[in-house]
Amino acid sequence: MVAITLAEAVALAEGALIASGVSPANAAATAAALVAAEVDGQAGHGLSRVPSYALHARVGKVAGHAVPAAAPAGDAGLRIDAANGFAYPAIDLAIERLVPLAARTGVAAAAIHRSHHFGQAGRHVERLADAGLVALAFANTPAAMALPGGRRSLMGTNPVAFAAPLPGRAPLVIDMALSVAARGKIMAASKAGKPIPEGWALDAQGDPTTDAKAALGGSLLPIGGAKGAALALMVEVICAALVGGNFGWNASGFFDGEGGPPDLGQLLVVLDPGRFGGGDYAGRMAHMLAVVDGEAPARLPGDRRLALRRKAAAEGLNIPEALHAEILGLTG
């Protein structure tokens, strides 16, 4: 492992992206998001993405100099064109516009189209909760899961995230993909020649498998069986049919340079808690905290994430030596 400071991690990712044809502004927004994910223990959305992002920029699968644009969508909506660039600059624009819009309207939404990998979904809604809003996020991804009874991967892992402000504490954040396991974990097992746990995936014939290579040729299993698949289908409707992105089965993959831009959709929805519940949101949340705290060792999600942030702030990050060398090599 290689120990680096947070500033060094951001500079490392920025340098590799800029050397691959990404504008400094887009590289900065993307690097910040990747390092934030790495800090939170979400390595699959962290620095491990730099090589594939750099490849996408070099082959034109993502537009490195794209400038996202926002247009009104009714009185309380925004339509954000990511312009086939990285998602993070478009998300930054959406958050910048949603906060004042929700202050005026009480409820607001931003639909992002022609987008790329959404990254750590919880980070985006947490930023909105930090601004005092209750927030939801939906994003579809390239096909990885079959419908129950099917063999062909149609839907993505399709993350859903939620965040809400808490009185006197960091926001409550709930962030989950709708597959039992991330495709990246199966790819890592395949490279290492290791099996995967039973219940993660099916092979190309639709049979359960613990063979990582066979799983990559088949499909991932959804959380909660048919219920998880139904949620993933819901996200496809929101992000493709409603927002205007590709359906998962039409999107190009995140892990190679094949095909054109993935052209995916994302939706952020925010609510001003001061407009609902008779104006006693903070009191109700304080009551919820008191009840949950009284049920120790039960707890709200987030303790591990916050502890990792404190550790990274004090000690920096440790990343695999091979990944560090690969990213350094991309800087040219």
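If only the Cβ of Lys and Arg carry +1 and only the Cβ of Asp and Glu carry -1, the dipole of the chain around its Cα centre is close to 200 debye.
For the range 123-140, the residues whose amide N sits under 15 Å from a probe point set 7 Å from the Cα of residue 174 along the beta carbon direction are 125-126, 134-138. Placing R0 at 35 angstrom, the Cβ-Cβ distance between residue 151 and residue 275 gives a FRET efficiency of 0.15 after rounding to 0.05.
Placing +1 on the Cβ of every Lys and Arg and -1 on the Cβ of every Asp and Glu, with nothing else charged, gives the range 113-230 a dipole about its Cα centre of roughly 220 debye.
Scaling the Cα radius of gyration of the range 223-262 by the globular reference 2.2 N^0.38 Å produces a ratio of 1.35. Here the Gaussian network model covers the chain, with springs between Cα atoms less than 10 Å apart; of 38, 258, 236, 258 fluctuates the most. Over all projection directions, the Cα-based convex hull of the chain averages an area of 17.3 nm². Each of 102, 118, 74 was scored by the projection of its Cα onto the charge dipole of the range 49-145, and the greatest displacement toward the positive side belongs to 118; charges sit on the C-beta of Lys, Arg, Asp and Glu. For the range 1-156, dividing the convex hull volume of the Cα atoms by the residue count gives 143 Å³ per residue. Once every Cα of the range 258-330 carries one equal point scatterer and solvent is ignored, give the base-10 log of I(q)/I(0) from the Debye formula at q = 0.19, 0.21 Å⁻¹, two decimals. Taking Cα atoms of the range 258-330 as identical point scatterers yields -1.01, -1.05.
Counting protein heavy atoms only, the chain has 58 percent of its accessible area on carbon and sulfur, 1.4 angstrom probe. Using the Cβ-Cβ distance between residue 314 and residue 249 with R0 = 35 Å, the FRET efficiency computed as 1/(1 + (r/R0)^6) comes to roughly 0.20. The residues of the chain present an accessible area of 44 Å² per residue when probed at 1.4 Å with all protein chains retained.
Candidates 273, 261, 320 compared by Cα position along the dipole of the chain: farthest toward the positive end lies 273, with charges placed on Cβ. Rounded to the nearest Hz, the phi-derived 3J(HN,Hα) couplings of the range 108-115 under the Karplus curve 6.51 cos²θ - 1.76 cosθ + 1.60 (θ = phi - 60°) are 8, 9, 10, 9, 10, 10, 6, 10, where x marks glycine and proline. When a/c is below 1.5 the answer is rounded, else prolate if a/b is larger than b/c, else oblate, so apply that to the range 172-238 with a ≥ b ≥ c taken from the square roots of the Cα gyration tensor eigenvalues. Note, shape of the range 172-238 comes out prolate. Charging the Cβ of each Asp and Glu at -1 and of each Lys and Arg at +1, and nothing else, the dipole of the range 6-127 about its Cα centre rounds to 320 debye.
Both numbers refer to the Cα atoms of the range 119-251; Rg and Dmax are 16.1, 52 Å.
Mind grabbing the base-10 log of I(q)/I(0) for the range 235-286 at q = 0.13, 0.26 Å⁻¹? Debye formula, identical points on the C-alpha positions, no solvent, two decimal places. The Cα Debye sum returns log10 ratios of -0.52, -0.94. Distance between the 7 Å Cα→Cβ label points at residue 322 and residue 58: 1.8 nm.
When the P(r) is computed for the range 6-88, the part past 16 Å accounts for 52% of the Cα-Cα pairs. PRE reach from residue 192 (point 7 Å along Cα→Cβ): which of the range 203-224 fall under 17 Å by backbone N? What the label zone holds, given the 17 Å backbone N cut-off, is 210-216.
The values are calculated or read from the model by the stated rules, or taken from the named source; none is laboratory data. Predicted model only: the values in this text are computed from it and were never measured. We place every Cβ from the backbone using ideal geometry, glycine too, and count neighbours over all the protein chains shown. Calculation scope for accessible area: heavy atoms of the full protein, side chains included, ligands and nucleic acids excluded. Shrake-Rupley method; radii C 1.70, N 1.55, O 1.52, S 1.80 Å.
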